[in-house]
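Quick notes on the structure that follows.
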Amino acid sequence: MKTFVTSLLLLMLATLWTAARFTDVLADLKLTSQQVNDQLFTQLTADQPRTYLSYATRQAGKQLSVGARVEAIRAISTVVRAYVQSADFKNRYDQWLRNKYRVSDQQTAEARQVEKASLDDVHSSANQQVTQINSAFAQMQPATLAMMLQQQIMQTQEQMVDADESIKTTLTRDLTVLRQLQSLANTKPAEFKTQYIAFMNRYMARQLARNSGDQEEKLAADKAQAAEYEARLAQYKANADPNNAVRKRLRDFIALAESVDFSATVEAQGNKQEFTRAEYRAQSSNWKMLYRLGREPVMTARDLARTWLTELK
């Protein structure tokens, strides 16, 4: 059986054997609470979790009796469970999950806004802008509009330099109208204002029509992006409860523990001890670790895992 599954209880078995009190365990193995918490967190979140143990820790564990290992496992299980159920762990898990699925409250709000949007909304917004511009124009004096017209003539001339033929034809037509309005501004300012506002309405309507295709494409792209985000958000919500991950790791551990043949024999091969049966030599490093720990400590951990799993249901 080849598996990379490592449960929270496997971490306990691998690292915390030396005493019934948690602080004694850490001191004896030169570990910190943060290191233990990080190891536990990795067991739940890594795709292929592995327990890293320093050489000193492994050597210390080898010196313990079977009874000491069993008592340590029973004592430390309470500490492990307390951390997994703590607010610190839950916040850490939630942040990790948000990063994994790339979700946030702000993105959720933005996606919902896009989902509600329609092309009619886009056009309505543009029409509102036109209405606001018309209202602003209506409040302006003809002399102010004449200054705007002069600036518009200069901009139109600049645009014509690099424009293609179809655009240049339209710009030429606009330029002709603007120059006619320029002369009218000096002789009949009231009429100039009326005609200039009418021209600007036609100009803006043309721009809206030209941009309609771009707006439709952009809205479609935004909606596709929002749908993709909603799919990630659904995955985040489905995995939001860290107890789901705990259950999976506990089941994995129970299955792994019960698969170990503690009566398996080994034989010397060079300077190493290898399993006599080839299928055992092909087992995972975690399976072999449990074999080395021995039946009684592993079965104690299995029973603790069963109890925890039952309480989580």
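Just so it is clear, none of the values below were taken in a lab; they were calculated from the coordinates. Predicted model, so just to flag it, every value in this text is computed and none were measured. Using ideal geometry, Cβ is built from the backbone for each residue, glycine included, and neighbour counts are taken over all protein chains shown.
Spin-label model, T42/T144: points 7 Å from Cα along the beta carbon direction are separated by 6.9 nm. As a length-normalised measure over Cα pairs under 8 Å and 6 or more apart, the relative contact order of region 215-313 settles at 30 percent.
Each of L312, L233 has some number of other Cβ atoms within 10 Å of its Cβ, and from fewest to most they run L312, L233. Applying 1/(1 + (r/R0)^6) with R0 = 35 Å to the Cβ-Cβ distance of R306 and D105 gives a FRET efficiency near 0.35. When you restrict to C-alpha pairs under 8 Å that are six or more residues apart and normalise by the size of region 119-237, the relative contact order lands at 31 percent.
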